[in-house]
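Below is one structure, written out as structure tokens; comments come after it.
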Amino acid sequence: MNLLKRTTLKKVAALALCAIPALSFAQVGVTDKEIVIGQFAATTGPAAELGLRMQMGMHIYFSAINGQGGVHGRKIRLVTRDDGYEPKRSVEAVKTLIHQDKVFALAGSVGTPTGLAALPILTEAQVPLVGMFTGARALREPFNRYVFHVRASYDDETDRIVQHLAMLGIQRIGVLKQNDSYGQAVLDGVQKALTKRKIQIAAIGTVERNSKELGNAVKILNTANVEAIIQASTYQTSAAFIKQARAEGFRGHFFNVSFVGAQALANELGELGQGVSVSQVVPFPFSTNTPLLQEYRNLMNWAGQKEYDFTSMEGFLTAKIMVEGLRRAGTNLTRERLITGLESMRDVNLGGFTVKFSPQNHVASDFTDLTVIARDKKFMH
């Protein structure tokens, strides 16, 4: 073999060896027939309803897409790991999803403290995450190119609530906050909204995550003679607080941000739920006035699910955005191409919900709504 041929073969071999690890990394969680998407969320414990309903919404949409042949011929498989809404467990869950389950991307995680715990792991592994069920500023700032937020922020939600209270002339506003990063994120949003309107917080009550020990918080807020209480906790704790506060004579207004899980809260409260308000970040799922809402309800019915709710609507919307990103990524699917595909969704109307991603912005929407629990655990807006 002459020198020229030997040199050429060496170059080809070297290029092939360099290409192998890059190719294998790019295709983790992807085969010719399948794309594996992972979710870490509570499916047991006091916040289980949130994780399960997010899972349901995503699963139904992915199943419908699979029934149409998938994305570029690949079916989507959703793998969910339970974190119990506890940060330590979320770390283990996301590690398992990335290293054992070999997921291509993540979607539909639930919670601020769990999200913050998992963020360094998925960032280091360069695994994209779409649709965190949280509006905490700490998960959006500083900018992270691997995380795409579907929903508005807690700042947006609390501003909507405080604006409504100010219009009613209510000045004495208290906060019940979970003693963690979620509770702090909502409290920061409330303080920001009140400061803008030159109003001060009247009182703050605190409760531990996944706890119903509320006696001290009820006492603090009742003693302060507040007219309205903005709650930042999960549905079981928020419901327990409302029941105890009402039993001890509180007759003011209750407001919750969307993370509470509106339908789960209504179910927990029963008749006591009437008049309790919840801010929302997705379109009203009990309506059919947009193509997106019609699609959601049709596919829920197709899957045998007759109970529509905001959380499964958010899961559905998260899956829809993920699928559109996968389509735009093309047939030669890599994580970088998924990121580029999602970032190309600038002013994309999904039938009543507009996505405004770009390379500089990974927050799809600032949409908010204000809803009220009515009779029979139904909602008005």
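Each value in this text was obtained by applying a stated rule to the coordinates, not by laboratory testing. Please read these numbers as outputs of a predicted model, since none were measured by experiment. Cβ placement follows ideal geometry from the backbone for every residue including glycine, while neighbour counts extend to all protein chains displayed.
Under 5 Å from the amide H of Phe254 lie the amide H atoms of Ile229, Ser277, each residue being 5 or more positions distant or on a separate chain, with H modelled from the backbone and absent for Pro and chain starts. What the phi angles of region 82-96 give under the Karplus curve with 6.51, -1.76 and 1.60, with θ = phi - 60°, is a coupling list of 6, 10, x, 6, 10, x, 4, 6, 5, 4, 5, 4, 6, 4, 5 Hz, glycine and proline written as x. For the peptides 45-56, 231-242, 264-275, the ranking by packing is 231-242, 45-56, 264-275, with the highest mean count of neighbouring Cβ atoms within 10 Å listed first. Among the listed pairs Lys177/Lys198; Lys196/Lys356; Lys75/Lys102; Lys177/Lys320; Lys306/Lys378, those whose Cα-Cα separation exceeds 23 Å are Lys196/Lys356; Lys177/Lys320. The convex hull defined by the C-alpha atoms of region 217-346 has an orientation-averaged projected area of 11.0 nm².
On the basis of the beta-carbon distance and an R0 of 25 Å, Met167 and Glu248 show a calculated FRET efficiency of 0.35. Computed about the Cα centre, the dipole magnitude for region 249-381 is approximately 180 debye when only Lys and Arg (+1) and Asp and Glu (-1) carry charge, each at its Cβ.
If you take all other residues with their beta carbon under 12 Å from the beta carbon of Glu307, and give Lys and Arg +1 and Asp and Glu -1, the sum is +3.
For the peptides 177-185, 35-43, 135-143, the ranking by packing is 35-43, 177-185, 135-143, with the highest mean count of neighbouring Cβ atoms within 10 Å listed first. Binning the alpha carbon pair distances of the chain at 20 angstrom intervals from zero yields the distribution 28, 53, 15, 3, 1, expressed in whole percent. Per-residue Karplus couplings for region 99-115, computed as 6.51 cos²θ - 1.76 cosθ + 1.60 with θ equal to phi - 60°, are listed in order as 9, 9, 7, 6, 6, 7, 8, 10, 7, x, 5, 10, x, 7, x, 5, x Hz, Gly and Pro entered as x. The Cα atoms of region 154-280 give a gyration tensor whose axes a ≥ b ≥ c have a/c under 1.5, which makes the shape rounded.
Where the centre of each part is set by its Cα atoms, how far does region 328-377 sit from region 164-185, in angstrom? Here the two parts' Cα centres lie 28 Å apart. Electrostatic bookkeeping for Lys378 treats Lys and Arg as +1 and Asp and Glu as -1; over the other residues with beta carbon under 13 Å from its beta carbon, the sum is -2.
Between Ala374 and Ala224, the FRET efficiency from the beta-carbon distance, with R0 = 30 Å, is close to 0.55. For region 271-359, a Kirkwood radius taken over Cα pairs fed into Stokes-Einstein (4 °C, viscosity 1.567 mPa s) yields D = 88 µm²/s. Most simply put, region 134-248 has about 0% antiparallel DSSP beta bridges, counting only bridges with both residues inside it. With the simple spin-label model, which puts each label point 7 Å out from Cα in the Cβ direction, the Glu307 to Asn332 separation comes to 4.7 nm. When both bridge partners sit in the chain, DSSP labels roughly 25% of those beta bridges antiparallel. Net charge near Thr112, counting Lys/Arg +1 and Asp/Glu -1 over other residues with Cβ under 14 Å of its Cβ? For residues surrounding Thr112, the net value is -2. Positive-end ranking of Gln126, Ser277, Leu139 along the dipole of the chain, with charges on Cβ about the Cα centre, is headed by Gln126.
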